[in-house]
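Novice: First, the structure itself, so that you have it in front of you.
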Amino acid sequence: MVFEEKDQKLDLYENGYVALWRGKGKPDYRQCHDTAYAEGLNELEISAGRWYCLKTVESRIAAFFIEEAGKTVRGRLTVWEKP
C-alpha cells in the first residue's frame, strides 16, 4: 500500500483493490471480500472516519479504518487469513 501525502490517495498498484465500505460499523471478512471484488479500484481517495475494504496483491482481504488523514495517515488494519 502506498499513501500519497499530496492528495490523500490509497494506491494498491496492479492486482490490489480498495473500496469504501458503505455499511454500518466494521465490516466482516465476507462483507469486505464482496465489497472489494464488486467495487474495488486500484486507487481511491481516502478520508478520516471511514472503513475501507482491501484485496491485497497476495489476494488477502483486509478492513482498514482511517483515524487520521493528513500529512500522517493513521488507522486500524485487520487482515484475514486466506480461507
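Novice: Filter region 17-34 down to the residues that are under 10 Å from the mean Cα position of the chain (by Cα) and either β-branched (Val, Ile, Thr) or closer than 19 Å to residue 69 by Cα (or both) and list them by number.
Specialist: Correct list: 18, 19, 20, 21.
Novice: How many residues does region 1-46 hold that are out of contact with any Leu (no Cβ under 9 Å at 6 or more places or on another chain) and either surrounded by 13 or more Cβ atoms within 10 Å (Cβ to Cβ) or at pLDDT 90 or above (or both)?
Specialist: Of the residues in that region, 16 qualify.
Novice: I've got another one for you. For region 59-83, how many residues meet the condition of being of a type in the set (D, E, K, R) and either at positive phi or without any contact (Cβ under 8 Å) to a residue 12 or more places away in the chain (or both)?
Specialist: 1
Novice: I need a count of the residues in region 44-83 that are in a strand (DSSP E or B), within 10 Å of the chain's Cα centre (by Cα) and over 14 Å from residue 27 (Cα atoms).
Specialist: Total meeting the criteria: 1.
Novice: Something else about it: Kindly indicate whether residue 81 is of a type in the set (Asp, Glu), in contact with a Lys or Arg (Cβ under 7 Å, 6 or more places away or on another chain) and surrounded by fewer than 14 Cβ atoms within 10 Å (Cβ to Cβ).
Specialist: Spelling it out, it is not the case that residue 81 is of a type in the set (Asp, Glu), in contact with a Lys or Arg (Cβ under 7 Å, 6 or more places away or on another chain) and surrounded by fewer than 14 Cβ atoms within 10 Å (Cβ to Cβ).
The values are calculated or read from the model by the stated rules, or taken from the named source; none is laboratory data. Since the model is a prediction, treat every value here as computed from it, not as a measurement. Glycine gets a Cβ as well: all are built from the backbone with ideal geometry, and neighbour counts include every protein chain shown.
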